[in-house]
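**Q** Shown below is the structure under consideration.
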Amino acid sequence: MRRQLDPVQKARMDARIARQLTELPAFFQAEELLLYAATEIEVDTREILRVASELGKRIYFPCCQVAQHAMRFYQASSFEEMRVSHYGILEPAAQPDAEWMGHSRTLCIVPALAVDRRGMRLGYGGGYYDRFLARHPLVQTIGLCYTAGLVDSVPTEAYDIPLGMILTETTLEVCNGGASESI
């Protein structure tokens, strides 16, 4: 479904999601942002990166350690300084002095293929975000997806970690308690 989106329509939806995200109190209050470099079928994050940079936030991107089935975040200021990873996505260099250590208010922006109103997301099946979030339960999370990806229920496993909020081009879903708010 995402591959069939009209590029102009996708760009409009991406812009609306970015605008809504960057207007949220959770975004303004965060000192550190854990962001992802979107693939062509995910919600684009370039505008989010631009705004966060202008606001002086420290921005980190995921780097998967495939052999360990683990994910760590490393600081980067642009997509141009990243390289294509094992999974074909952009990742920063895994430099120890640039690793996210979680010392400040952190907001983690999570990609989702599909997500339900409980905050359970369908990713790509590697469990990287779930393992990371299980180790960092105080990190606030917002999943980004398109309204068409907001479904009644996604298959879950015992280790799946629910998101705190879900943002689409039309809706902000607060998953703690099941409240829903349209934007």
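The values are calculated or read from the model by the stated rules, or taken from the named source; none is laboratory data. If you're wondering where the values come from, they're calculated on a predicted model, not measured in any experiment. Here the Cβ is made from the backbone with ideal geometry for all residues, glycine too, and neighbour counts use every protein chain on show.
**Q** Read through the list (1) closer than 23 Å to GLN20 by Cα; (2) basic (Lys, Arg); (3) outside any loop (DSSP other than H, G, I, E, B), then give the number of the only condition that ARG131 fails.
**A** With respect to (1) closer than 23 Å to GLN20 by Cα; (2) basic (Lys, Arg); (3) outside any loop (DSSP other than H, G, I, E, B), ARG131 is out only on (1).
**Q** Continuing with this model, one more query. Of all residues in region 13-23 being farther than 12 Å from GLU42 by Cα and touching a residue at least 60 places away in the same chain (Cβ under 8 Å), which is surrounded by the most Cβ atoms within 10 Å (Cβ to Cβ)?
**A** LEU21
Here is a yes/no grid of residues against (1) assigned to a loop (DSSP other than H, G, I, E, B); (2) modelled with pLDDT of 90 or more; (3) surrounded by 10 or more Cβ atoms within 10 Å (Cβ to Cβ):
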| position | (1), (2), (3) |
| --- | --- |
| SER153 | yes, yes, yes |
| GLU157 | yes, no, no |
| ILE161 | yes, yes, yes |
| ILE166 | no, yes, yes |
| GLU169 | yes, yes, yes |
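**Q** Looking at (1) at pLDDT 95 or above; (2) over 15 Å from MET82 (Cβ atoms); (3) of a type outside the set (Val, Ile, Thr), can you tell me which one GLU40 breaks?
**A** For GLU40, the exception is condition (1).
**Q** Among ILE89, ILE17, ILE48, which is the only one that is within 15 Å of the chain's Cα centre (by Cα), at pLDDT below 90 and over 21 Å from ARG135 (Cα atoms)?
**A** Working: ILE17 fails: at pLDDT below 90; ILE48 fails: at pLDDT below 90.
Going through ILE89, ILE17, ILE48 in turn, the sole match is ILE89.
**Q** Looking at PHE61, PHE27, which is the one that is over 21 Å from LEU90 (Cβ atoms) and touching a helix residue (DSSP H, G or I) at 6+ places or on another chain (Cβ under 9 Å)?
**A** Within the list PHE61, PHE27, the selection yields PHE27.
**Q** Just the residues that are assigned to a loop (DSSP other than H, G, I, E, B), out of contact with any Cys (no Cβ under 9 Å at 6 or more places or on another chain) and not aromatic (Phe, Trp, Tyr), please, taken from region 104-124.
**A** Scanning region 104-124 gives SER104, ARG105, GLY123.
**Q** Would you confirm whether any residue within region 68-76 is of a type in the set (Lys, Arg) and free of Cβ contacts under 8 Å to residues at least 12 places away in the same chain? It would help to see each step written out before you state the result.
**A** Keep residues of region 68-76 that are of a type in the set (Lys, Arg), which gives 72.
With the extra rule that they be free of Cβ contacts under 8 Å to residues at least 12 places away in the same chain, the set shrinks to none.
Looking for residues that are of a type in the set (Lys, Arg) and free of Cβ contacts under 8 Å to residues at least 12 places away in the same chain, one finds none in region 68-76, hence no.
**Q** Do the conditions hold for ALA76, that is, is it closer than 24 Å to LEU138 by Cα, buried (at least 21 other Cβ atoms within 10 Å of the Cβ) and in contact with an Asp or Glu (Cβ under 6 Å, 6 or more places away or on another chain)?
**A** No: the conditions fail for ALA76.
**Q** Among VAL115, VAL139, which is closer than 20 Å to PHE27 by Cα, aliphatic (A, V, I, L, M), within 15 Å of the chain's Cα centre (by Cα) and surrounded by 17 or more Cβ atoms within 10 Å (Cβ to Cβ)?
**A** VAL139
**Q** Which of the residues that make up region 81-103 are in a loop (DSSP other than H, G, I, E, B) and of a type in the set (A, V, I, L, M, F, W, C)? Let's see the steps before the verdict.
**A** First pass over region 81-103, keeping only residues in a loop (DSSP other than H, G, I, E, B): 82, 85-89, 92-95, 100-103.
If the condition is that a residue be in a loop (DSSP other than H, G, I, E, B) and of a type in the set (A, V, I, L, M, F, W, C), then MET82, ILE89, ALA93, ALA94, TRP100, MET101 are the ones that fit.
**Q** Given the conditions (1) among the charged types (D, E, K, R); (2) in contact with a helix residue (DSSP H, G or I) (Cβ under 6 Å, 6 or more places away or on another chain); (3) under 20 Å from VAL139 (Cβ atoms), which single one is not true for ASP44?
**A** (3) is the only condition that ASP44 fails.
**Q** Please work out which residue is modelled with the highest pLDDT, limiting yourself to region 1-14 and to residues that are aliphatic (A, V, I, L, M) and assigned to a loop (DSSP other than H, G, I, E, B).
**A** LEU5
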